[in-house]
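The values are calculated or read from the model by the stated rules, or taken from the named source; none is laboratory data. Here the structure is a predicted model, which means the values were calculated and not measured. Neighbour counts are summed over all protein chains in view; Cβ atoms, including those assigned to glycine, are modelled from backbone coordinates with ideal geometry.
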């Protein structure tokens, strides 16, 4: 099976009830020829380290990345050891992916907000530890640590991925990480601007921009799926984003903030407990659909498999190096992937490594 390293998927997309589903999904994704599986983390049955190990053990070729975990929920040595274990387990197919986290959740759990300087300092620490350095008396934005080392027997480069949203994050991704994952439902203008910002930051840092892979996280929901499923994966997912960080979504895409205010003021939304894409009924989602403009949902792959493929191809034209077919399992993506394979340009992506943040093969 031809490996399409320019395409990825999220395993356990949305609110998974059983982590064992991952085992089937990564096997199906690998069999389809998808390049990478991305693992998001929730503090329930989606703990990223456990899922990463399962994905690595259940596959032989699939790239694997956390997109994302947070650097401040584990001690640096725990994270460094986790990544090194995955790196060795998978023969270099693993990328440690970090993100800022969601502020309301961090506030609820008593976790401090993550600052750009902390992430950059943490990345530097990981690189040094994986190179076999002995870090003594570190006192920086990521914290104070008397000693950090896993010994001198390691000389490894483990690719790192960053999920980025705002300008500071995009610049950080370009100068310090090996890959950047953009957010779902970015307009074409936002996607092109963000991809260019990452590449520009890489160049300004003296790096080769081509070595920093930019992934579009592109909602892919074909019309072969039942209507209630499509509603959950489009309207439900967008509504959940607006619940969690709507101001950032609106500001980034240049949308009308009054629409967001109306969404939040709606009695169903204001009184809803939990994520709308997880627990809302189809009837409730139908109501929510009336609160979200169609053009907010438009940056996605919908319709027939052929129409989805055209939309996916458009993401490459905007400057992305890869497309995560977001919100659907490999089984749900199968007709779209097969349609894409028929139109895939020969040789265009042969340079891409299986690791979603890996350097050119």
For the list (1) assigned to a helix (DSSP H, G or I); (2) over 30 Å from residue 276 (Cβ atoms), I need the number of the one condition that residue 168 fails. (2)
Kindly indicate which of 272, 316 is at pLDDT 95 or above, surrounded by fewer than 18 Cβ atoms within 10 Å (Cβ to Cβ) and closer than 21 Å to residue 107 by Cβ. 272
I'm told residue 139 meets every condition in (1) part of a strand (DSSP E or B); (2) without any contact (Cβ under 8 Å) to a residue 60 or more places away in the chain; (3) crowded, with 21+ Cβ neighbours inside 10 Å except one. Can you identify the failing condition by its number? (3)
Selected residue (only one of 361, 357, 353 is modelled with pLDDT under 95, assigned to a loop (DSSP other than H, G, I, E, B) and not assigned by TED's automatic domain parsing to the domain that holds residue 67): 361
How many residues of the range 275-313 are in a helix (DSSP H, G or I), more than 13 Å from residue 243 (Cα to Cα) and at pLDDT 95 or above? The answer is 20
Note on residue 12: of the conditions (1) in a helix (DSSP H, G or I); (2) within 21 Å of residue 163 (Cβ to Cβ); (3) touching a helix residue (DSSP H, G or I) at 6+ places or on another chain (Cβ under 6 Å), unmet is (1)
Checking 23, 89, 125, 96 in turn, the sole residue that is within 30 Å of residue 349 (Cβ to Cβ), in the same structural domain as residue 151 (by TED's automatic domain parsing) and surrounded by 19 or more Cβ atoms within 10 Å (Cβ to Cβ) turns out to be 96
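Quick grid of which residues meet (1) under 20 Å from the mean Cα position of the chain (by Cα); (2) touching a residue at least 12 places away in the same chain (Cβ under 8 Å); (3) not assigned by TED's automatic domain parsing to the domain that holds residue 232:
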position	(1), (2), (3)
253	yes, yes, no
273	no, no, no
308	yes, yes, yes
329	yes, yes, yes
338	no, yes, yes
Selection from the range 148-164 of residues that are out of contact with any strand residue (DSSP E or B) (no Cβ under 7 Å at 6 or more places or on another chain) and under 28 Å from residue 326 (Cα atoms): 157
Is it the case that residue 291 is surrounded by 18 or more Cβ atoms within 10 Å (Cβ to Cβ) and farther than 23 Å from residue 67 by Cβ? yes
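One line per residue, one yes/no per condition, for (1) more than 20 Å from residue 113 (Cβ to Cβ); (2) not in a loop (DSSP other than H, G, I, E, B):
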position	(1), (2)
51	yes, yes
54	yes, yes
61	yes, no
79	no, yes
85	yes, yes
91	yes, no
96	yes, yes
If I filter the range 98-121 for residues that are at pLDDT 95 or above and in a strand (DSSP E or B), do I get at least one hit? yes
